[in-house]
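Notes follow the structure.
The values are calculated or read from the model by the stated rules, or taken from the named source; none is laboratory data. None of these values were measured; they are calculated from a predicted model. Note that we place each Cβ from the backbone using ideal geometry, even for glycine, and neighbour counts take in every protein chain shown. Please note that ligands, DNA and RNA were not included when accessible areas were found on the heavy atoms of the full protein model with its side chains. Shrake-Rupley method; radii C 1.70, N 1.55, O 1.52, S 1.80 Å.
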Amino acid sequence: MARPRLYNSPEEKAKAARKYRQAYKNRNTKSIDQKLFAVIGHSSREFVEGLCCVLIECEESEVRNALIDILAALDIIEDLEQEARKVGTAVLTRVREVRISLQDIIAWVRIDMDALEEAYEKGEIYYQYTDSICM
């Protein structure tokens, strides 16, 4: 077994600590991105667009089941947001974007399905998106 490296100076200790924090951040960012990708697919905008299309096209009796699935996805996203808070702002921004989108869709569905369709057609669902934030 190799002997652990000893850091004698404060600069060496600080450098080792920075290296450890960066490795932690990279490892956890990758893990969160993979989990987010498993939930939403390639990009958050495409996910929201697909979700809206499915909700608009489904029968009124199927909306309740779809809403249950959306709430389950929201629970997963909220857990990811807790993890992302420890890592950094870039990954946290991506996770929050998805959470806000899901909350908006849930609100539109609870208000009225016709309101969701109208908001989707006007592009109001996408107000928080920027083109630069994609997976």
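Against the conditions (1) touching a Leu at 6+ places or on another chain (Cβ under 7 Å); (2) farther than 21 Å from GLU46 by Cβ; (3) open to solvent by less than 90 Å² (accessible area, probe 1.4 Å), ASP112 satisfies every one except (1). Of the residues making up the range 13-46, those that are assigned to a loop (DSSP other than H, G, I, E, B) and closer than 18 Å to ARG96 by Cβ are GLY41, SER43.
Candidates GLU59, GLU46, GLU11: the one that is exposed (fewer than 11 other Cβ atoms within 10 Å of the Cβ) and closer than 21 Å to MET113 by Cα is GLU59. For the range 82-95, a residue qualifies if it is buried (at least 18 other Cβ atoms within 10 Å of the Cβ) and free of Cβ contacts under 8 Å to residues at least 40 places away in the same chain, and exactly one does: LEU92.
When both residues are 6+ apart or on different chains and their Cβ atoms are under 7 Å apart, which pairs have a first residue that lies in the range 47-59 and is closer than 25 Å to VAL95 by Cβ, and a second that is open to solvent by less than 40 Å² (accessible area, probe 1.4 Å) and of a type in the set (Gly, Ala, Ser)? These pairs meet every condition: PHE47/GLY41; VAL48/SER101; VAL54/ALA66; LEU55/ALA66.
Just so you know, in the range 96-109 the residues that are touching a residue at least 40 places away in the same chain (Cβ under 8 Å) and not aliphatic (A, V, I, L, M) include one that is surrounded by the fewest Cβ atoms within 10 Å (Cβ to Cβ), and it is GLU97. Only one entry in ARG94, ARG85 is within 25 Å of LYS25 (Cα to Cα) and modelled with pLDDT of 85 or more, namely ARG85. The conditions of being more than 16 Å from GLU117 (Cα to Cα), modelled with pLDDT of 85 or more and surrounded by 12 or more Cβ atoms within 10 Å (Cβ to Cβ) are not met by LEU67.
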